[in-house]
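The values are calculated or read from the model by the stated rules, or taken from the named source; none is laboratory data. Computed from a prediction, not measured in an experiment: that's the story for all the values here. Heads up, the Cβs are rebuilt from the backbone with ideal geometry, glycines too, and the neighbour counts pull from every protein chain shown.
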Amino acid sequence: MSAGQNETSKPRLLVLIGPTAIGKTRMSLEIAKAWNAEIISGDSMQVYKGMDIGTAKIREEEREGIPHHLIDICEPDYPFSVAEFQERCGELIRDITARGKLPFIVGGTGLYVESVAYGYEFPDSGSDEAYREEQLQYAAEYGAEALHEKLRAVDPESAQRLHPNDQRRVIRALEVHHLTGMTLSAQLAGQKKTSPYELCIIGLSMERQALYDRINKRVDAMIEEGLVEEVRRLLGSGVSGDCVAMQGLGYKEIALFLKQQLPLEDAVELLKRDTRRFAKRQLSWFRRMHDIVWVESSENFHKNLLLIHAIIAGKFRVDLEYPTNQSF
């Protein structure tokens with residue numbers, strides 16, 4: 001199948017979203033092979049080099065020849081932003097389309113994906129370094145939760161989306177309100193919901209307890225694969241535990257163990273709890289998005305895949321023909 005070109009003025013864009021651990025990676029490979037697609041990671045953490053196990057990054061040998069983009073593009077101490085993601089994605093989409101292939105975003109960072117799908121505009125509201133420093137000092141004195149509560153008081157929607165440990169983004173949300181008098185969530189809600197693309201967004205969902213079971217098993221597998229050693233190596237190489245990347249799931253919890261602030265067993269349980277809460281926040285964000293066709297992910301992988309193929313074919317108005325190397 002090929003869906004890289006169309007007769008309309010808009011380029012096609014395929015998107016697969018869903019909460020962490022639901023099975024996007026395996027599904028995306030089969031979709032990409034069938035639809036002549038190149039995958040763009042829509043995960044805000046997979047951009048960082050050396051952060052592989054904790055981000056569930058697909059290994060080179062597992063990609064089955066499918067090009068993957070926006071993986072391993074910056075160092076862990078680089079403050080990668082949604083605006084930069086959007087810019088890089090736009091360039092990739094134009095390039096992939098020009099080569100007659102289908103751009104295919106796969107990931108779970110809702111704001112990142114939505115910013116590309118609908119061409120969000122990010123106004124430069126400026127900065128106030130003194131204000132930022134004041135908030136950093138407040139967090140140092142009273143703790144990350146107290147800073148997060150400050151955000152909850154003025155912008156509860158952003159507070160729900162952002163983890164208390166994500167201090168850079170929490171402070172930025174506070175700063176936007178401080179500078180403009182308008183909340184970040186209100187700015188996002190005011191964005192246009194028309195897409196510059198011929199858009200097909202597919203969302204994977206799953207019964208909550210089944211998803212939580214998958215999350216718990218994934219965390220156990222990450223520990224077995226060497227997550228503790230990965231975090232130890234990052235910290236030992238000079239990566240600050242306070243940088244944005246190290247506030248990601250898996251890294252901040254294991255860092256607590258390595259700093260002897262928690263026993264390993266407690267750190268693992270904390271990671272499982274934080275990941276379940278993150279998945280809940282992801283689903284809350286996705287449920288507010290437009291244009292998603294939801295697929296209930298079951299144990300019958302090939303049934304799910306057939307359904308997704310049919311959805312894509314219907315959305316892009318192409319004949320549903322499967323290549324001979326595909327078995328169902």
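Looking at the stretch 257-279, which of its residues are surrounded by 15 or more Cβ atoms within 10 Å (Cβ to Cβ) and touching a residue at least 24 places away in the same chain (Cβ under 8 Å)?
Residues satisfying the conditions are PHE257, LEU258, VAL268, LEU271, LYS272, ASP274, THR275, ARG276, PHE278, ALA279.
Restricting attention to the stretch 70-106, report how many residues are among the aliphatic types (A, V, I, L, M), part of a helix (DSSP H, G or I) and modelled with pLDDT of 95 or more.
Residues that pass the stated criteria total 4.
Could you tell me which of the residues ILE202, ILE292, ILE254, ILE215 is surrounded by 13 or more Cβ atoms within 10 Å (Cβ to Cβ), within 16 Å of THR20 (Cβ to Cβ), in contact (Cβ under 8 Å) with a residue 40 or more places away in the chain and of a type in the set (Val, Ile, Thr)? Reasoning before the result, please.
Values: ILE202 fails: within 16 Å of THR20 (Cβ to Cβ); ILE292 fails: within 16 Å of THR20 (Cβ to Cβ); ILE254 fails: within 16 Å of THR20 (Cβ to Cβ).
Criteria check complete, one pass: ILE215.
Could you go through the stretch 203-219 and let me know if any residue there is in contact with a Ser or Thr (Cβ under 9 Å, 6 or more places away or on another chain) and assigned to a strand (DSSP E or B).
Yes, the stretch 203-219 has at least one match.
Could you tell me whether GLN160 is in contact (Cβ under 8 Å) with a residue 60 or more places away in the chain, in a helix (DSSP H, G or I), surrounded by 14 or more Cβ atoms within 10 Å (Cβ to Cβ) and not charged (D, E, K, R)?
Here the answer is yes, as GLN160 does meet what is asked.
I'm told ALA139 meets every condition in (1) free of Cβ contacts under 8 Å to residues at least 60 places away in the same chain; (2) crowded, with 16+ Cβ neighbours inside 10 Å; (3) assigned to a loop (DSSP other than H, G, I, E, B); (4) among the hydrophobic types (A, V, I, L, M, F, W, C) except one. Can you identify the failing condition by its number?
(3)
Would you confirm whether any residue within the stretch 260-274 is touching a helix residue (DSSP H, G or I) at 6+ places or on another chain (Cβ under 6 Å) and among the small types (Gly, Ala, Ser)?
Checking the stretch 260-274: at least one residue is touching a helix residue (DSSP H, G or I) at 6+ places or on another chain (Cβ under 6 Å) and among the small types (Gly, Ala, Ser).
If the requirement is being basic (Lys, Arg), surrounded by fewer than 19 Cβ atoms within 10 Å (Cβ to Cβ) and more than 20 Å from the chain's Cα centre (by Cα), which of these qualifies: ARG208, ARG233?
Just a single option satisfies the conditions, and that option is ARG233.
What are the residues in the stretch 241-251 that are without any contact (Cβ under 8 Å) to a residue 40 or more places away in the chain and aliphatic (A, V, I, L, M), if any?
None - no residue of the stretch 241-251 is without any contact (Cβ under 8 Å) to a residue 40 or more places away in the chain and aliphatic (A, V, I, L, M), so the list stays empty.
Condition first: out of contact with any helix residue (DSSP H, G or I) (no Cβ under 7 Å at 6 or more places or on another chain) and either part of a helix (DSSP H, G or I) or among the β-branched types (Val, Ile, Thr) (or both). Now tell me which residues in the stretch 109-135 satisfy that.
Across the stretch 109-135, the qualifying residues are THR109, VAL113, GLU114, ALA117, GLU129, ALA130, GLU133, GLU134.
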